[in-house]
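What follows is a set of notes on a single structure, which appears directly below.
Derivation of every value follows stated rules applied to the coordinates shown; laboratory data play no part. Quick caveat: nothing in here was measured; it's all calculated off a predicted structure. Glycine also receives a Cβ, built like all others from the backbone with ideal geometry; neighbour counts cover every protein chain displayed.
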Amino acid sequence: MLFRVKNLWCRWRAIPVVLAFLALCSCGSSGLAAPQQLLDPLSPAVTKVEPPNWWVGLTSDLMILLSGHGLQANKVTCNLPDVIVLRTQATQGGDYLFVWLKFGLHMRSGTVVCRITTPDGDTSFELPVSNREATARRFHGLSSDDVLYLIMPDRFANGDPTNDEPAEFPGSHDRSKPRSWHGGDLRGISEHLSYLKDLGITALWLTPVVKNGAEQDYHGYGAVDLYAVDPHLGGLNDYKELASALREQHMKLFFDAVPNHVGPLHPWVKRPPLPDWFHGTAQNHLNSFSPVKGSFYGKSGSAGSSNDPFEVLADPHSTPAMRRNLTDGWFFGILPDMNTENPVVRKYLLQNSIWWIESAGLDGLRLDTFPYVSRTFWEQWHAGLRLIYPNLTTIGEVFHPEPPVTSFFVGGRKEWDGVDSGLSTVFDFPMFFAIRDVLLRGASAGRIANVLRQDELYPHPDWLVAFFANHDVPRLASEAGSSPAKLLCAFGLILTLRGIPELYYGDEIAMAGAGDPDNRRDFPGGWSGDRKNAFTEDGRTPEQQNVFSGVQKLLQIRRQHAALRTGRLFHIFSDDDSYAFVRQTDDERLLIIFNNASKPRTLAIPQPNTPLAEALKATLLYGNGGAEINGREVKITAPGQSVSIFSLD
Ligand SMILES: [Ca+2]
Ligand SMILES: [Ca+2]
């Protein structure tokens, strides 16, 4: 667990201090009840409505969670005949009220006003219901024509300095501290779409934009309100405007969803809406550390130590005792784990995802901590989403180096447990580990072919998200043994191998950074007054420009050659130093050579019985390699640490 745990520990190590502080603080942190209600505890009042609005014809029913005070309803009635109250349930002495609504077929847009009658008086809540926007350019999902770009919004560009330190979060902004908020926001991203378009990006994945609670939650994974944009990043309108601006550019938007847990400061932790809203309580819960150690499956030493043992979830012979900490434990012992077995929690989480997708017209979701949530939850959640959004893409985070484990979580078929998770695809962590081990740690280049041969385990290997970096691992440029040439090799591989490539912001300018949070530095030029502006060619150093133009060129070739996006992949050559492969459609064949050796290399590859058989000529598209064809063999010259791409005729 060294690698992964170290990062997570860094991510969350401030939390216990905050919790200790809150335990000492006698004031309520929830903000659920306004001061006047606190003074008059008998008077009923609604302070929050979740979801805050809905759409005509989207679903046939809706579960509303009201927060407030004195909400022990005798009766709830709504002003429209097409809105029927099916049932209600008050909890926590009336601090919460669940209201199940049924919508009639003749429902129209407008504001539903519902009156709550209690023994201590009446109150009401409103639910604006609008018509859906035209769906033509929304909810498309990803294909291998896309290129995904991961942005941590706080660290990319500051488009609105007035939100850098919202009034409710004093002292949260300090660019000199790596764990403070830095001021980047949604408007900053909107203002740099031309940079991304020019680079060749087609889709954005933003780390969570939901409202967070702790001073150091700039990363977004500590939610305190699942129906609000964090005020440091802007508002819901900024998010919708970004989505709309992306659509204008024919680009797509991915939301980072975290149904597994919320932040420790979420008001639910002190007063859960149901006694079993979470797995356990703040005082008494399992943690996510598995009792199963590496030696259980014969992995000695550090092998397999960088990830949790998801093997036990995929293993048909494992016992519930072996699996339970992973699925029911609080992540890292800190993050409150949603009780995703409870149908009310399931309904809440499904509606919440629908709300974000419908609000912004999203094309997909990246699903955080995917294995830590029960598979039956994912099955039902996906079924609910697919009823409305059949083409939406979901990408699961399964941080594990072995394809038999990662592929287990992908949907499209039932596994031994009788469950089809419904998940579209996963990040290709096995390829991530292989690329880093080959480039940086002297592993055999054959590791790449070894990952690829296991593509048969996936229903759609062409949907695997190929990447070599994200926000949880050190920047490749800063790893021991790295170099600009190796960085370009990593780009060369993920942009030519099968799948949907994902780039981590700043890697295209060789940004430096060790482990979390150093791997989340500010993009240079995203803040007015920055010394250098790497969004422009003039502002990039020659080293930055070298990598940038290489990535841009690779993306351009990928765009121009369908074989790199959709072509079948054939192994051509593989050994400890080099891997060569062909991508082929009916119309074209491309030969790609990766040489990991520090010295140039010459290879003579026999043509018969390979996709090279009929090739007469090779034209160099990218890199500095050479290739000569004589009908019997292809003679390739590959520079040290390089990727070259040839078009074959
Ligand atoms: Ca800002
Ligand atoms: Ca869980």
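Among Arg108, Arg413, what is the fewest-to-most ranking by other Cβ atoms within 10 Å? The partial results should precede the final answer.
Numbers: Arg108 11, Arg413 8.
So the residues, fewest neighbours to most, are Arg413, Arg108.
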Relative contact order (%) - the range 470-552, alpha-carbon pairs under 8 angstrom, separation at least six:
35
Kindly work out what percent of the DSSP beta bridges joining two residues of the chain are antiparallel, to the nearest 5.
70
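Round to the nearest 0.05 the FRET efficiency obtained for Arg453 and Asp198 when R0 = 35 Å and r is the Cβ-Cβ distance. Walk me through the intermediate numbers first.
On the way: r = 37 Å, r/R0 = 1.05.
E between Arg453 and Asp198, to the nearest 0.05, is 0.45.
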q = 0.13 Å⁻¹: log10 I(q)/I(0) that the Debye formula gives for the range 285-339, counting C-alpha atoms only
-0.32
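Averaging the inverse of every distinct alpha carbon separation and then flipping it gives the Kirkwood radius. What is it for the range 586-649, in angstrom units?
Values: mean 1/r = 0.0852 Å⁻¹.
Roughly 11.7 Å, rounded to one decimal.
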In whole Å, what are the Cα extents of the range 426-539 along the three principal axes, biggest one first?
51, 29, 25
Compute the helix-to-body angle for 375-388: its Cα long axis versus the longest principal axis of the chain, expressed 0 to 90° and rounded to tens.
90
Starting from the Kirkwood Rh over alpha-carbon pairs, what translational D in µm² s⁻¹ does the range 277-428 have by Stokes-Einstein at 37 °C and 0.692 mPa s?
202
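Provide Rg over Rh for the chain; use the alpha carbon set for both Rg and the Kirkwood Rh (inverse mean inverse pair distance).
On the way: Rg = 26.1 Å, Rh = 26.3 Å.
Across the chain, the Cα-based Rg/Rh ratio is 0.99.
Which FRET efficiency value, to the nearest 0.05, is calculated for Leu387 and Glu168 with the Förster distance at 41 angstrom and r the Cβ-Cβ distance?
Details: r = 37 Å, r/R0 = 0.91.
Plugging the Cβ-Cβ distance into 1/(1 + (r/R0)^6) gives 0.65.
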When only alpha-carbon atoms count, how far does the range 323-412 stretch along each of its three principal axes, as whole angstroms with the largest first?
33, 30, 20
Using amide H atoms built in the peptide plane, which far-off residues or other-chain residues are under 5 Å from Lys48 H to H?
Ser67
The orientation-averaged projected area of the Cα convex hull of the range 186-338, in nm², is 12.4
Within the range 263-352, which trypsin sites (Lys or Arg not before Pro) sit in a loop by DSSP and count at most 15 neighbouring Cβ atoms inside 10 Å?
Lys293, Lys299
Using the structure shown, list the pairs from Lys211/Lys252; Lys240/Lys347; Lys197/Lys414; Lys532/Lys553 with a Cα-Cα distance above 32 Å, or answer none.
Lys197/Lys414
HN-Hα J in Hz across the range 570-585 - Karplus 6.51, -1.76, 1.60, θ = phi - 60°, x for Gly and Pro:
10, 5, 10, 7, 7, 8, 5, 9, 9, 9, 10, 8, 10, 10, 9, 10
Residues Leu58, Leu101 arranged by fewest to most Cβ contacts within 10 Å:
Leu58, Leu101
Answer in debye to the nearest 20: the dipole magnitude of the range 467-569 about its Cα centre, from +1 Lys/Arg and -1 Asp/Glu charges placed on Cβ, is 540
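The range 433-509: which trypsin sites (Lys or Arg not before Pro) are DSSP loop and have at most 11 other beta-carbon atoms within 10 angstrom? Don't skip to the answer; put the middle values down first.
Values: sites: Arg436, Arg441, Arg447, Arg453, Arg475, Lys486, Arg498; in loops: Arg441, Arg475, Arg498.
Those that pass, being in a loop and sparsely packed, are Arg441.
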What ranking of Thr319, Thr281 emerges when the number of other C-beta atoms within 10 Å of each C-beta is taken as an exposure proxy, fewest first?
Thr319, Thr281
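Once Rh for the range 509-649 is found with the Kirkwood sum over Cα pairs, what is the Stokes-Einstein diffusion coefficient at 20 °C and 1.002 mPa s, in µm²/s?
Details: Rh = 17.1 Å.
For the chosen part, D equals 126 µm²/s.
Return an integer: the convex hull volume of the alpha-carbon atoms of the range 95-236, in Å³ per residue. Show your work: numbers first, answer last.
On the way: hull volume 27.2 nm³, N = 142.
Taking only Cα atoms, the range 95-236 has a hull volume of 192 Å³ per residue.
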Over the chain, the sum of -39500 (n - 2.57) across DSSP H runs of at least four, divided by residue number and rounded to 500 deg cm²/dmol, gives at 222 nm -7000 deg cm²/dmol
Radius of gyration and Dmax for the range 127-171's Cα atoms, expressed in Å?
17.7, 44
Which whole-number percent gives the relative contact order of the range 418-507, counting Cα pairs below 8 Å spaced six or more residues apart?
33
In degrees, nearest 10, the alpha-carbon axis of helix 15-24 is tilted away from the dominant principal axis of the alpha carbons of the chain by 10
Taking the Cα atoms only, what angle lies between the long axis of helix 542-560 and the longest principal axis of the chain, rounded to 10 degrees?
90
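Hey, any idea what the orientation-averaged projected area of the convex hull of the range 145-186's Cα atoms comes to, in nm²? Write down the numbers at each step before the final one.
Working: hull surface 14.7 nm².
Directional mean of the projected Cα hull area for the range 145-186 stands at 3.7 nm².
Just need the relative contact order of the chain here, percent rounded to a whole number, with Cα pairs under 8 Å and 6+ apart. Mind dumping the intermediate values first?
Working: 1431 pairs, mean separation 69.2, N = 649.
With pairs under 8 Å counted, the relative contact order is 11 percent.
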One checks the Cα atoms of the range 208-259 and finds Rg and Dmax, in Å, of 11.8, 36
Working note, the range 351-479: Cα radius of gyration (Å, one decimal) and Dmax (Å, whole number) are 15.8, 48
Projected onto the charge dipole of the range 45-199 (+1 at Lys/Arg Cβ, -1 at Asp/Glu Cβ, origin at the Cα centre), which of Tyr149, Ile189, Thr162 gives the Cα projection farthest towards the positive end?
Tyr149
